[in-house]
Amino acid sequence: MTRAHRFAAPLHDGNSTRKAQIQAMTTTLRISSLAGLALMAFMSVNAAHASGTPEQRRACRADAKKFCGQFIPNVPKITACMEANKSRLSPPCRAQFK
């Protein structure tokens, strides 16, 4: 039997080694999926934190759109843009950068 035929063999042929391999792959896939979900959740929390406090967002939303709209939703680039335009920001927004 060629290698390709061994992998294409049905599960009900009594090959317990193949069943064990499939179970191991399934377990690995589940663990990888859970790890990926955990990573996405962690990144979401960090992204929400990085976008500033509600007060900062309220004070700077209009200025961010006006001066740095091309960088939305990239928070680090928006922050750099806002700092570069600090003299042009509205007084409430400028106060957030002190």
- Message: Modelling each spin label as a point 7 Å along the Cα-to-Cβ direction, I'd like the R61/S87 distance in nm, to one decimal.
- Response: 2.9 nm
- Note on the structure: For A84, the net charge from surrounding residues (Cβ-Cβ under 15 Å; K, R +1; D, E -1) works out to +3
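Each value in this text was obtained by applying a stated rule to the coordinates, not by laboratory testing. The model shown is predicted, which means the values in this text are computed figures rather than measured ones. Cβ atoms come from the backbone with ideal geometry, glycine included; neighbour counts cover every protein chain shown.
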